[in-house]
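Working notes, structure below.
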Amino acid sequence: MREALVIIDVQNDYFPGGTCELYHAYEAEEKIQSLIQESRTQKRPIIYIQHINSPDDTFFLENTYGCEISERIKPLPDDKVIVKYYPNSFYETELDSYLKEKGIKKLIVCGMMTHMCVDTTVRAAMDYGYEVDLVADGCATMDLEISGEIIPAEIVQKTFLASLEGVFAKIV
């Protein structure tokens with residue numbers, strides 16, 4: 001089965017000093033670096049997803065340093081970069097048509113934020129008929145708050161991975 005590595009939103013604003021810092025962003029990025037190396041060795045296509053927010057948002061603003069893909073995992077000329085404007089990497093993008101054109105049936109997914117764009121994209125991938133391996137330690141998230149209660153990032157990460165396990169993805 002033809003597969004591709006899909007790297008979601010590993011952009012500068014998610015790292016220390018950025019406007020939307022994530023918990024363990026560097027650790028996730030280190031895992032992503034090894035996934036990139038493995039993919040290059042196996043000649044597996046690599047697809048980078050880059051999110052651009054609307055001008056009234058606080059991060060991933062177009063033409064800013066924070067919106068750029070991390071320099072430590074920069075795409076090579078043969079890699080595919082797909083820009084998106086919504087959490088779902090398939091919505092109003094060329095992702096599905098590109099995957100179909102390349103005959104790709106399985107996605108190895110990693111990236112940021114686990115609870116937002118990674119979750120939304122993995123769920124959508126099932127709707128489009130793709131098999132997904134979600135790399136747990138290749139994802140990062142943040143603390144969330146509901147009704148004044150802080151949910152620690154470690155719990156957010158585990159909860160979202162557990163909710164995707166089985167029906168939507170194989171967690172690896």
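Values in this text are rule-based calculations from the coordinates and carry no lab data. Fair warning: this is a prediction, and the values are worked out from it, not measured in the lab. Please note: Cβ atoms are built from the backbone with ideal geometry, for glycine as well, and neighbour counts cover all protein chains shown.
Listing for the model above:
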item: Residue among ILE82, ILE69, ILE151 that is touching a helix residue (DSSP H, G or I) at 6+ places or on another chain (Cβ under 7 Å) and within 30 Å of GLY17 (Cα to Cα); result: ILE82
item: Matching residues, region 83-134, being at positive phi and in contact with a strand residue (DSSP E or B) (Cβ under 7 Å, 6 or more places away or on another chain); result: GLY111
item: Meets criteria (surrounded by 13 or more Cβ atoms within 10 Å (Cβ to Cβ), out of contact with any strand residue (DSSP E or B) (no Cβ under 7 Å at 6 or more places or on another chain) and within 20 Å of ILE49 (Cα to Cα)) for ALA169; result: no
item: Filtered residues of region 116-148 (kept if without any contact (Cβ under 8 Å) to a residue 60 or more places away in the chain and in contact with a helix residue (DSSP H, G or I) (Cβ under 8 Å, 6 or more places away or on another chain)); result: ASP119, VAL122, ARG123, TYR128, TYR130, VAL132, LEU134, ALA136, LEU144
item: Among the residues listed as LEU107, LEU95, the single one being buried (at least 21 other Cβ atoms within 10 Å of the Cβ) and in contact with an Asp or Glu (Cβ under 8 Å, 6 or more places away or on another chain); result: LEU107
item: Selection count where residues are in contact with a Lys or Arg (Cβ under 9 Å, 6 or more places away or on another chain) and more than 23 Å from ASP78 (Cβ to Cβ), scope region 1-14; result: 0
